[in-house]
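First the structure, in the form of structure tokens, and then the observations on it.
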Amino acid sequence: MIDDWDSSLGNWGYSSSIEREMIRISDSLIATADVLKQKVEEIGNRPAALIPNAVNSRLFDAQRKYQRPQDLPQADSVSIYIGALWGDWFDWDLLVAIANHYPKSAIVVVGDYRNQCANPPSNLHFLGLKPQTALPAYLAHSNVAIIPWKVNNITQATSPLKLYEYLAMHRPVVAPDLIPLRDIPAVSLAKDAQDFIHLIGEVQNQHLPITEIDSFLNKNNWSARIQEMLNWLEISKKK
């Protein structure tokens, strides 16, 4: 279980009965967030493994040199978001407030933009979709990576793939105070919109704990995740 489908995420055709049946007939249960683990264990009446998302460390490598993308704006600093731009969890008001508060900064959004933002500030740049292989270069030439989400049931049940990619490129991260994101190095969690905006400026002057970040990533890349899954499958067979 990778998301809380019993929400607006499941509008395309979620069925509680089908979800419960899938859990019942599965040989092994895995969830990407603690709240999902609790849910799947309650439905399945047996243990599930908590295995969050991770990073492709072969692609996202902060030690490599990346040419600055031609469409990445020049500015005093660059704050970047990479990801989905649809859903009731994305905080458009916060995104605009960030741009207004930092008029000399470029607030860059990489994703499938479809004019959801009415009258965006001139320093708010929507660059469209990019292939995953292009993303490390955008992060390498940015100052702060952001996750401008609302705090709700959907985001509290999310393991953001982008978080691991941000960290792999040694970018400080500012995000809302979501339980799955707590106690992760170089991730600053905001208690509200004002705090979020303040943290963007603050983290740019902080020393990154590179050793802690790399240690975290060694345990949170896809090679490590696959091994966790294989170990859990073996455990599940014995139960």
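The values are calculated or read from the model by the stated rules, or taken from the named source; none is laboratory data. Note that this is a predicted model, so its numbers are computed, not measured. Neighbour counts are summed over all protein chains in view; Cβ atoms, including those assigned to glycine, are modelled from backbone coordinates with ideal geometry.
Quick notes on this one:
Rundown of residues vs (1) in contact with a Gly (Cβ under 9 Å, 6 or more places away or on another chain); (2) touching a residue at least 12 places away in the same chain (Cβ under 8 Å); (3) not hydroxyl-bearing (Ser, Thr, Tyr), yes/no style:
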position	(1), (2), (3)
Tyr166	no, yes, no
Asp183	no, no, yes
Val187	no, yes, yes
Met229	no, yes, yes
Glu234	no, no, yes
Lys237	no, yes, yes
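- Whichever residue in the stretch 189-207 is in contact (Cβ under 8 Å) with a residue 12 or more places away in the chain and part of a loop (DSSP other than H, G, I, E, B) and, among such residues, is farthest from Asp76 (Cα to Cα): Lys191
- Scanning the stretch 1-27 for residues that are without any contact (Cβ under 8 Å) to a residue 40 or more places away in the chain and either in contact with a Gly (Cβ under 8 Å, 6 or more places away or on another chain) or not in a loop (DSSP other than H, G, I, E, B) (or both) gives Gly10, Ser16, Ser17, Ile18, Glu19, Arg20, Glu21, Met22, Ile23, Arg24, Ile25, Ser26.
- Hits in the stretch 46-68 - residues which are in contact with a strand residue (DSSP E or B) (Cβ under 7 Å, 6 or more places away or on another chain), assigned to a loop (DSSP other than H, G, I, E, B) and of a type in the set (A, V, I, L, M): Ala48, Ile51, Ala54
- Note on the stretch 107-139: among residues that are of a type in the set (Ser, Thr, Tyr) and in contact (Cβ under 8 Å) with a residue 24 or more places away in the chain, the one that is surrounded by the most Cβ atoms within 10 Å (Cβ to Cβ) is Tyr138.
- Selection within the stretch 69-96 - in a loop (DSSP other than H, G, I, E, B) and either among the small types (Gly, Ala, Ser) or without any contact (Cβ under 8 Å) to a residue 24 or more places away in the chain (or both): Gln70, Ala75, Ser77, Gly83, Ala84, Gly87
- Any hit, the stretch 208-220, residues being over 22 Å from Lys37 (Cα atoms), touching a residue at least 12 places away in the same chain (Cβ under 8 Å) and in a strand (DSSP E or B): no
- Filter pass, Asp91 being under 26 Å from Asp4 (Cβ atoms) and of a type in the set (D, E, K, R): yes
- Residues in the stretch 110-128 that are on the phi < 0 side of the Ramachandran plot and assigned to a strand (DSSP E or B): Val110, Leu124, His125, Phe126, Leu127.
- Residue match in the stretch 164-178 (condition: closer than 24 Å to Ala84 by Cβ, modelled with pLDDT of 95 or more and surrounded by fewer than 16 Cβ atoms within 10 Å (Cβ to Cβ)): yes
- Some residue of the stretch 35-53 being modelled with pLDDT of 95 or more, over 30 Å from Leu139 (Cβ atoms) and among the polar types (S, T, N, Q): yes
- Flag: Ala62 matches the condition of being touching a His at 6+ places or on another chain (Cβ under 8 Å) and surrounded by 14 or more Cβ atoms within 10 Å (Cβ to Cβ).
- Residue match in the stretch 140-156 (condition: exposed (fewer than 15 other Cβ atoms within 10 Å of the Cβ), outside any loop (DSSP other than H, G, I, E, B) and not charged (D, E, K, R)): no
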